[in-house]
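The values are calculated or read from the model by the stated rules, or taken from the named source; none is laboratory data. Only a predicted model underlies this, so the values are computations on that prediction, with no experimental measurement involved. Using ideal geometry, Cβ is built from the backbone for each residue, glycine included, and neighbour counts are taken over all protein chains shown. Side chains included, ligands, DNA and RNA excluded: accessible areas come from the protein's heavy atoms. Shrake-Rupley method; radii C 1.70, N 1.55, O 1.52, S 1.80 Å.
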2 protein chains.
Amino acid sequence: MESSFEAYFTPNLPFQSEIEAFVDLQSKLQRPLAVVASGGTSVPLEQHTVRFLDNFSTGRRGAASAEYLLQTGYAVLFLFRDKSLQPFHRHFEGFAAKPAEFFALSGNGRWELDSALLTSVMETGVLQYRQVREERRYLPVPYCTVYEYVQYLQKVATSCARLGRAVVMYMAAAVSDFYLPFENFFVHKTSSDEDLVLRLQRVPKCLDILHSAWAPEAFLVGFKLETNMDTLLERARQLLERSGAHIVIANTLQERHESVWVVQHDRQERLEKASPEDELERQLVASVVALHRSYWQDNESWNQR
Amino acid sequence: MESSFEAYFTPNLPFQSEIEAFVDLQSKLQRPLAVVASGGTSVPLEQHTVRFLDNFSTGRRGAASAEYLLQTGYAVLFLFRDKSLQPFHRHFEGFAAKPAEFFALSGNGRWELDSALLTSVMETGVLQYRQVREERRYLPVPYCTVYEYVQYLQKVATSCARLGRAVVMYMAAAVSDFYLPFENFFVHKTSSDEDLVLRLQRVPKCLDILHSAWAPEAFLVGFKLETNMDTLLERARQLLERSGAHIVIANTLQERHESVWVVQHDRQERLEKASPEDELERQLVASVVALHRSYWQDNESWNQR
């Protein structure tokens, strides 16, 4: 990895010991483990950060997928952008935006919630959340910058390497393609003293490094988002060939809630929402889990590639 | 204003009629009105926005200030970055981040909150929130991009102009200095095919336009954030001279919760937190309100400037 990128790494990464203990436990219990990366990454443009570059992502796909993976019996390490959506909590979105509107002081001086606002999806979410926390099957790890993201990914992937093929790396985060090296921090103004010119460099390609170095045996799921359907599948296939990912999930920005493509080397499958109430991630996760099982248990057909 | 900036304005600005009705009511009831701008602005770098530039701001100063202004009897129009902190709601921050951790299903099948987690600050916040909403003294208006921000500011300020000196423009938002014009949208790659070069232009200076055109009679409060204390007061004074703001609130990034300077043309005053439990915004708002009253009621001394 480029040293100008690694220069941003911190010597004291939080959650290191939690990550190790969590992976240890899943290894001991022989649980399949999914590492779900979710949300956008930020790229600071100053040392005392006021300005930054960001990638738009609510974290909805990652958070929903993590929930279905947990329901399927996987342990999930959820590497997510601070303040983006989280599994289970995501059903409280409107509530989280305006909490003071949901409370009332009852006659006897007790604080109550407007129970009409608590849906069955929220109730189920709370119960499932408690369960996976009690079973120690779920660990959320928040990041903010692209540097924290890559450093966590390295830590998590190398910790998981001993689980071999039992691991899915579900790389749904919207990772910045570019960053501003320290040496470019001072802004360059043109002679007009009006324009600001930023010269950005390429962020290391994490999928490639996961496959070649950090977690070579893990089942690697890449994601490809495009705004143009005409080039989507071609670009997804390019990513698959280049990175060493086992499958690539491809979708357009416009259709992201309605349909996705699951792209493999020799085939591709289009998944659609079954009904307006359904979530696309339910089918997406079912498809990924089936492919992961075949990879994990039937090495032969995957090894031929 | 530059046409390449205005090209981003939308013909159908949401909340237009709410803004007009709100200003009408305050005018009718002869309430003093504070327009509080809060949070950072985003600058899209693409037409289908995935990447954007952003300014870091939790919105804490704006949200806390709006609360104290409401407590002082002002009507508040709160122009805030979507998902940044809001008055009253801000006390539920930890709660909003992990809602599913705060609920429990009681024995009789009713959903309850862990009441130990509801502090008196949260309780007071809910009661005050209900009151100001009932009195129609508080209107929140969310924005996301710097273009929405400027367009709302123009709409709000020109609507308020008829209230004359009864209006405070409390410009605490972290507004981007730069934006990417449509014609620069296509990224320019250098020959190495590695670096990305972005050429950004200056965002129009809102304080100057507020003073000279949109709300020339309003009491204009500018904000100056610096990372270096040595140049802070000099830069605050430059902003005061250039923009026509009546006062500038200045602070460093590092000390922003501990102390601020209230800078006027002929004097400056340093405010500090009275105690660890106190909020700096309590004193800040008291100081701003006193200066606004003197401006509003005693035209002479301010007119001499």
field: Positive-pole candidate from A:5, A:243, A:33, dipole of chain A, charges at beta carbon
entry: A:33
- prompt: In angstroms, what radius of gyration and Dmax does chain B have, counting Cα atoms only?
  reply: 20.9, 70
task: Name the residues whose placed amide hydrogens come within less than 5 Å of the amide hydrogen of residue A:143, ignoring near sequence neighbours (fewer than 5 apart) on the same chain.
output: A:80, A:81, A:82
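Take the eigenvalues of the Cα gyration tensor for the stretch A:222-305, scale each by 5, and report the square roots as semi-axes in whole Å, largest first.
Values: eigenvalues 101, 62, 12 Å².
The equivalent ellipsoid of the stretch A:222-305 has semi-axes of 22, 18, 8 Å.
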- request: Return the calculated 222 nm mean residue ellipticity for chain A, to the nearest 500 deg cm²/dmol, obtained by summing -39500 (n - 2.57) across DSSP H runs with n ≥ 4 and dividing by the residue count.
  value: -10500 deg cm²/dmol
Per-residue ³J(HN,Hα) for the stretch A:27-40, Karplus 6.51 cos²θ - 1.76 cosθ + 1.60, θ = phi - 60°, Hz, x for Gly and Pro: 4, 4, 7, 6, 7, x, 10, 10, 9, 9, 9, 8, x, x
query: How large is the accessible surface per residue of chain B, computed with a 1.4 Å probe and reported in Å² as a whole number?
result: 45
message: Going by Cα centres, the stretch A:33-49 and the stretch A:95-153 are how many Å apart?
response: 22
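For chain B, what's the relative contact order in percent, using C-alpha pairs closer than 8 Å and at least 6 residues apart? Walk me through the intermediate numbers first.
Details: 486 pairs, mean separation 53.3, N = 305.
Taking the mean separation of contacting Cα pairs over the length of chain B, I get 17 percent.
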- prompt: Cα extents of the stretch A:72-142 along the three principal axes, largest first, in whole Å?
  reply: 44, 24, 19
query: Given a 1.4 Å probe and the protein chains all in place, what does the accessible area of residue B:144 round to, in Å² to the nearest 10?
result: 50
query: What size of dipole, in debye to the nearest 20, comes out for chain A about its Cα centre when the only charges are +1 on Lys and Arg C-beta atoms and -1 on Asp and Glu C-beta atoms?
result: 640
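Excluding residue B:15 itself, what net charge comes from residues whose Cβ is under 15 Å from its Cβ, given Lys and Arg +1 and Asp and Glu -1?
Values: positive: B:81, B:136, B:155; negative: B:18, B:20, B:24, B:82, B:148.
Every neighbour counted, the sum reads -2.
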statement: Binned at 5 Å starting from 0, the alpha-carbon pair-distance distribution of the stretch A:97-178 in whole percents comes out as 3, 9, 12, 14, 14, 14, 11, 9, 7, 5, 2, 1
- prompt: Which listed residue (A:152, A:198, A:166) has the Cα farthest towards the positive end of the charge dipole for the stretch A:129-248, taking +1 on Lys and Arg C-beta and -1 on Asp and Glu C-beta about the Cα centre?
  reply: A:166
- prompt: What does the accessible area of residue B:179 come to, in Å² to the nearest 10, when a probe of 1.4 Å is used?
  reply: 0
Lys/Arg +1, Asp/Glu -1 at C-beta; the stretch A:1-113 dipole; positive extreme among A:107, A:77, A:21: A:107
field: Whole-percent carbon and sulfur share, accessible surface of the stretch B:120-264, 1.4 Å
entry: 49
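What is the interface area between chains B and A, defined as buried accessible area summed over both chains with a 1.4 Å probe, reported in Å² to the nearest 100? Display every interim value, and only then the final one.
Numbers: alone 16110 and 16110 Å², together 27150 Å².
Rounded to the nearest hundred, the buried surface is 5100 Å².
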For the stretch A:11-18, 3J(HN,Hα) per residue [Karplus equation, 6.51 cos²θ - 1.76 cosθ + 1.60, θ = phi - 60°, Hz, x = Gly/Pro]: x, 10, 6, x, 6, 4, 5, 4
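At a temperature of 4 °C and a viscosity of 1.567 mPa s, determine how fast the protein assembly as shown diffuses translationally according to Stokes-Einstein, using the Kirkwood radius over alpha-carbon pairs as Rh; express D in µm²/s, rounded to the nearest whole number.
Details: Rh = 26.5 Å.
Roughly 49 µm²/s, to the nearest whole number.
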task: Report residue B:296's accessible area, 1.4 Å probe, all protein chains in place, as a number in Å² to the nearest 10.
output: 80
- request: Take the Cα coordinates of the stretch A:1-90, assign each an equal point scatterer, and use the Debye formula without solvent to give log10 I(q)/I(0) at q = 0.10, 0.20, 0.21, 0.25 Å⁻¹.
  value: -0.36, -1.09, -1.13, -1.23
message: Using the Cα centre of the protein assembly as shown as the reference point, and only Cβ charges (+1 on K/R, -1 on D/E), how large is the resulting charge dipole? Debye, rounded to the nearest 20.
response: 480
task: Report the far tail of the P(r) of the stretch B:195-244, meaning the percent of Cα-Cα pairs longer than 19 Å.
output: 44
field: Counted charge near residue B:29, where neighbours are those whose Cβ lies closer than 11 Å (Asp, Glu -1; Lys, Arg +1)
entry: +2
query: Across the residues of A:170-183, average count of Cβ atoms on other protein chains within 10 Å?
result: 1
message: Let's see if you can work this out: charge +1 on each Lys and Arg Cβ, -1 on each Asp and Glu Cβ, no other charges. What is the dipole magnitude of the stretch B:125-282 about its Cα centre, in debye to the nearest 20?
response: 720
message: If the reach is capped at under 19 angstrom between alpha carbons, list the lysines near residue B:83, excluding any in the same chain fewer than eight residues apart.
response: A:83, A:98, B:98
task: Give me the Debye-computed log₁₀ of I(q)/I(0) at q = 0.23 Å⁻¹ for the stretch A:135-248, equal point scatterers on Cα only, no solvent, two decimals.
output: -1.32
